[in-house]
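First up is the structure itself, then whatever we jot down about it.
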Amino acid sequence: MVGLFAYYPALSAFFHSAFEWNPGSGSTFVGADNYRQMLQDAVWWHSFRNLGVIFVFNLVTWIFPLLAAELLITLKSRRWQFAMRTLLIVPMAFPGVVTALIWGFFYDPNTGVFNQVLAAIGLESLQQNWTGSPNSALISLLLVGFPFIGGLPFLVFYSGLNNIPREIFEAAALDGLGRWGRLWRVDLPLIAGQLRVLLFLVVVGTFQYGFVAYVLTQGGPDNATVVPLLWTISQAFTAANWGYAAALSAVLFTVTLAFSAVIALHRRRETGMADGGRM
Amino acid sequence: MSRLRSNQAGIKAVLLLLVLGGLAPYLFMIITSGKTNQQFERSFWAPDLPFHLENYATAWNQIRPYLLNSVQVAVISIVITAVIASVSGFVLSRYRFPGRRLLYGLVLVLMAVPGITNLIPLFVMMRDFNLLNTYVVLVIPYATGGIVLGTILMRNFIDAIPQSIYDAARVDGAGAIRMYTHVTLPLSFPALGSISLITLTTVWNDFFWPLLVISDDRMRTVSVGLQYFQGQNAISYGPLMAGYLLASVPLVVVFVLLSKYFLAGVQGGLAGSQ
């Protein structure tokens, strides 16, 4: 009886994931046609290019949470530290859809905040249809959530840096290491383990990106902001190409899993070396 | 010494700026939620009196069904997740039986399975089961995902409870069930709290699953319902923002009251996926 409860979660979830290759009832066998079609699908390839941009941008924005975490641990007053930490992560408490919709409101070409600001400082020429023009749509999506602090990276940086013993910082200061030098030679190496976990999560998370894009642009205009997830969904639900959508989602699934596996293995090897090389 | 103090002041200033940047959209939402359209056009930025509370009543009438649906789905998912995860965590942690390691390994592997890429196959399966537009179809993925993560968290947590407590309970004549209800459950309250919060935020935030499986407006949950709400109120800004705020209130309240568990949950999820 006890075994039943223990086995159930594993089995039920495996049951769900095993349906990866089943494109639906009453379908005819088409062999690898769906995959051949995928290789020639320009939108599909474009969607991965967008993912690449999103991923790189995500990494660059780590600067903000890292800065915030560094400043936070430098604060002397415990009370300030706590208050600031709490305020910085409050945006995490708001539902994602609310954040996305408010930003969508900001981007509105007529009443949106961005165009209003540009008008107020006399730069009407820079006004644009932020999410509606292919040139600015992707960058508009990426800026949602600025300054990107209320999120997992900040929590990881902050708890990582907080766990470094103060004596190490004092020793670094005695050795004449400046703030900048300390960041590169002390802080970052000491939280390298957490950074790798975070990188892994960002990679997996990037493949699942699509929610903000759906709310703000639906992958448009003209597929400028399409990502694999959105393309898969639109193939299934708009174009009713269930078999093709199943093939796409199987590929997305495999690619994500492969990336996870590569990073997990790489991490294991590196931590093994670090252990061997320690004093 | 004075240089040190000015340094600290500078750091506070930068941090305040970052806080303001992060909170600006939400402050804008609160300010706008009390305005009529005329007020909004007259003073775009600044708060403007009188504060129109009736915007909230208008918004509440429209989004109440979505909120109630989300609450119900969240409660059902949390109960299922908490019960199954705590029992399986207890068993995996405290009982020795053949295949225990393998079983735990299988659960760990499931953590790596990207849930969202299962959307299409899972949808087809639910359609074949005729479960679309029901609470059942909404609960299934949240409960499954919650159980996987929950089992891992619970096992790790129960592992840390000293065996001597269980030995003492056994000496006092407690059986397996009593050890679960009277020892494990009370002691693992923090872990259960984290699991419940993770499930709550997942249900509240999930978008694509309810979007795909629910077409009946009466069954919609908050995340998808808000999009329709936005479509209906696109040009009455006050009620629109009031609605966004009302939809955020449950999560924000929980966050403020239980931020310790909330953060433990987020980071526990991190630990579990290593």
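The values are calculated or read from the model by the stated rules, or taken from the named source; none is laboratory data. This structure is a prediction, so every number in the text was calculated from the model and none was measured. Using ideal geometry, Cβ is built from the backbone for each residue, glycine included, and neighbour counts are taken over all protein chains shown. These area figures cover heavy atoms from the full protein model, side chains too; ligands, DNA and RNA do not enter into them. Shrake-Rupley method; radii C 1.70, N 1.55, O 1.52, S 1.80 Å.
Checking the structure you have, find out if any residue of the range A:154-176 is among the charged types (D, E, K, R), within 24 Å of A:VAL56 (Cβ to Cβ) and out of contact with any strand residue (DSSP E or B) (no Cβ under 9 Å at 6 or more places or on another chain). First the steps, then the outcome.
Going residue by residue through the range A:154-176, those that are among the charged types (D, E, K, R) are A:166-167, A:170, A:175.
Then drop every residue that is not within 24 Å of A:VAL56 (Cβ to Cβ), which leaves none.
Within the range A:154-176 (the criterion being among the charged types (D, E, K, R), within 24 Å of A:VAL56 (Cβ to Cβ) and out of contact with any strand residue (DSSP E or B) (no Cβ under 9 Å at 6 or more places or on another chain)), the answer is no, since none of the residues qualifies.
Please go through the range A:158-185 and give me each residue that is surrounded by 16 or more Cβ atoms within 10 Å (Cβ to Cβ) and touching a helix residue (DSSP H, G or I) at 6+ places or on another chain (Cβ under 6 Å), ordered by number.
Hits for the range A:158-185 are A:TYR158, A:GLY160, A:LEU161, A:ALA172, A:ARG182.
Charged (D, E, K, R) and under 25 Å from A:VAL97 (Cα atoms) - does that describe any residue in the range B:92-110?
Looking only at the range B:92-110, we keep the residues that are charged (D, E, K, R), and these are B:94, B:96, B:100-101.
Retained after the next criterion (residues that are under 25 Å from A:VAL97 (Cα atoms)): none.
No, there is no match, as no residue in the range B:92-110 is charged (D, E, K, R) and under 25 Å from A:VAL97 (Cα atoms).
Across the range A:154-170, what is the total count of residues that are more than 24 Å from B:LEU23 (Cβ to Cβ) and either within 14 Å of another protein chain (Cβ to nearest Cβ) or not β-branched (Val, Ile, Thr) (or both)?
Of the residues in that region, 7 qualify.
Looking only at the range A:78-99, filter to residues that are more than 8 Å from chain B (Cβ to nearest Cβ) and surrounded by fewer than 16 Cβ atoms within 10 Å (Cβ to Cβ); which one of those is farthest from B:GLN230 (Cα to Cα)?
Keep residues of the range A:78-99 that are more than 8 Å from chain B (Cβ to nearest Cβ), which gives A:78-79, A:81-83, A:85.
This time we only want the ones that are surrounded by fewer than 16 Cβ atoms within 10 Å (Cβ to Cβ), so: A:78-79, A:82-83.
Details: A:ARG78: 42, A:ARG79: 39, A:PHE82: 36, A:ALA83: 33 Å.
Among those residues, the one meeting the criterion is A:ARG78.
Given (1) assigned to a helix (DSSP H, G or I); (2) in contact with a Lys or Arg (Cβ under 9 Å, 6 or more places away or on another chain), identify the lone condition not met by B:ALA13.
(2)
Just to be sure I understand, how many residues within the range A:34-60 are open to solvent by 80 Å² or more (accessible area, probe 1.4 Å) and touching a residue at least 24 places away in the same chain (Cβ under 8 Å)?
1
Going through B:TYR135, B:TYR166, B:TYR142 one at a time, which residue ends up being open to solvent by 40 Å² or more (accessible area, probe 1.4 Å), touching a residue at least 24 places away in the same chain (Cβ under 8 Å) and more than 10 Å from chain A (Cβ to nearest Cβ)?
Values: B:TYR166 fails: open to solvent by 40 Å² or more (accessible area, probe 1.4 Å); B:TYR142 fails: open to solvent by 40 Å² or more (accessible area, probe 1.4 Å).
Going through B:TYR135, B:TYR166, B:TYR142 in turn, the sole match is B:TYR135.
Of all residues in the range B:24-37, which are farther than 19 Å from B:ALA57 by Cα and open to solvent by 30 Å² or more (accessible area, probe 1.4 Å)? Let's see the steps before the verdict.
Start the filter on the range B:24-37 by keeping residues that are farther than 19 Å from B:ALA57 by Cα, which leaves B:24-28.
Scanning the range B:24-37 gives B:ALA24, B:LEU27.
For the range A:18-45, give me each residue that is at pLDDT 70 or above, under 15 Å from A:VAL251 (Cβ atoms) and not in a loop (DSSP other than H, G, I, E, B). Step through it out loud before you land on a result.
Initial filter on the range A:18-45 (at pLDDT 70 or above): A:34-45.
Pick out the ones that are also under 15 Å from A:VAL251 (Cβ atoms) and you get A:34-41, A:43-45.
A:ASN34, A:TYR35, A:ARG36, A:GLN37, A:MET38, A:LEU39, A:VAL43, A:TRP44, A:TRP45 - these are the residues of the range A:18-45 that are at pLDDT 70 or above, under 15 Å from A:VAL251 (Cβ atoms) and not in a loop (DSSP other than H, G, I, E, B).
Which of the residues belonging to the range A:100-153 are of a type in the set (Gly, Ala, Ser), within 11 Å of chain B (Cβ to nearest Cβ), surrounded by 18 or more Cβ atoms within 10 Å (Cβ to Cβ) and in a helix (DSSP H, G or I)?
Selection gives A:ALA100, A:GLY104.
For B:ALA74, all conditions in the list (1) within 30 Å of B:LEU211 (Cβ to Cβ); (2) open to solvent by 80 Å² or more (accessible area, probe 1.4 Å) hold save one; what is the number of the exception?
(2)
Checking the conditions here, which among A:GLN194, A:GLN208 is of a type outside the set (Gly, Ala, Ser), facing another protein chain (nearest Cβ under 9 Å) and more than 30 Å from A:LEU101 (Cβ to Cβ)? Step through it out loud before you land on a result.
Working: A:GLN208 fails: more than 30 Å from A:LEU101 (Cβ to Cβ).
On inspection, the qualifying residue turns out to be A:GLN194.
Report yes if some residue within the range B:173-185 is in a helix (DSSP H, G or I), open to solvent by 30 Å² or more (accessible area, probe 1.4 Å), out of contact with any helix residue (DSSP H, G or I) (no Cβ under 7 Å at 6 or more places or on another chain) and under 29 Å from A:VAL227 (Cα atoms); otherwise report no.
Checking the range B:173-185: not a single residue is in a helix (DSSP H, G or I), open to solvent by 30 Å² or more (accessible area, probe 1.4 Å), out of contact with any helix residue (DSSP H, G or I) (no Cβ under 7 Å at 6 or more places or on another chain) and under 29 Å from A:VAL227 (Cα atoms).
Just give me the residues in the range A:137-156 being hydrophobic (A, V, I, L, M, F, W, C) and farther than 15 Å from B:LEU15 by Cα, in sequence order.
The first filter runs over the range A:137-156 and keeps only residues hydrophobic (A, V, I, L, M, F, W, C), leaving A:137-139, A:141-144, A:146, A:148-149, A:152, A:154-156.
Correct list: A:ALA137, A:LEU138, A:ILE139, A:LEU141, A:LEU142, A:LEU143, A:VAL144, A:LEU152, A:LEU155, A:VAL156.
Please go through the range B:198-243 and pick out each residue that is closer than 24 Å to A:GLY112 by Cα, open to solvent by 10 Å² or more (accessible area, probe 1.4 Å) and of a type in the set (Ser, Thr, Tyr).
Scanning the range B:198-243 gives B:TYR228, B:SER236, B:TYR237.
Does A:ALA213 satisfy the condition of being under 13 Å from A:TYR35 (Cβ atoms), in a helix (DSSP H, G or I), more than 9 Å from every other protein chain (Cβ to nearest Cβ) and modelled with pLDDT of 75 or more?
Numbers: under 13 Å from A:TYR35 (Cβ atoms): no; in a helix (DSSP H, G or I): yes; more than 9 Å from every other protein chain (Cβ to nearest Cβ): yes; modelled with pLDDT of 75 or more: yes.
In short, no.
So, in the range B:235-252, exactly how many residues are out of contact with any helix residue (DSSP H, G or I) (no Cβ under 6 Å at 6 or more places or on another chain) and more than 19 Å from B:LEU53 (Cβ to Cβ)?
Count: 2.
Name the residue, out of A:LEU252, A:LEU265, A:LEU248, that is open to solvent by less than 10 Å² (accessible area, probe 1.4 Å), more than 19 Å from the chain's Cα centre (by Cα) and either within 14 Å of B:PRO121 (Cβ to Cβ) or free of Cβ contacts under 8 Å to residues at least 12 places away in the same chain (or both). If you could, list the steps in order and put the result at the bottom.
Working: A:LEU252 fails: more than 19 Å from the chain's Cα centre (by Cα); A:LEU265 fails: open to solvent by less than 10 Å² (accessible area, probe 1.4 Å).
It is A:LEU248.
Return the residues of the range B:57-71 that are in contact (Cβ under 8 Å) with a residue 12 or more places away in the chain and either within 15 Å of B:ARG220 (Cα to Cα) or open to solvent by 40 Å² or more (accessible area, probe 1.4 Å) (or both); say none if nothing qualifies. Talk me through it step by step, then tell me what you get.
Within the range B:57-71, the subset in contact (Cβ under 8 Å) with a residue 12 or more places away in the chain is B:58-60, B:62-63, B:65-67, B:69-71.
B:THR58, B:TRP60, B:GLN62, B:ILE63, B:PRO65, B:TYR66, B:LEU67, B:ASN69, B:SER70, B:VAL71 - these are the residues of the range B:57-71 that are in contact (Cβ under 8 Å) with a residue 12 or more places away in the chain and either within 15 Å of B:ARG220 (Cα to Cα) or open to solvent by 40 Å² or more (accessible area, probe 1.4 Å) (or both).
From the set of residues in the range B:186-211 that are under 15 Å from B:PRO141 (Cα atoms) and not in a helix (DSSP H, G or I), which is nearest to the other protein chains (Cβ to nearest Cβ)?
B:PHE207
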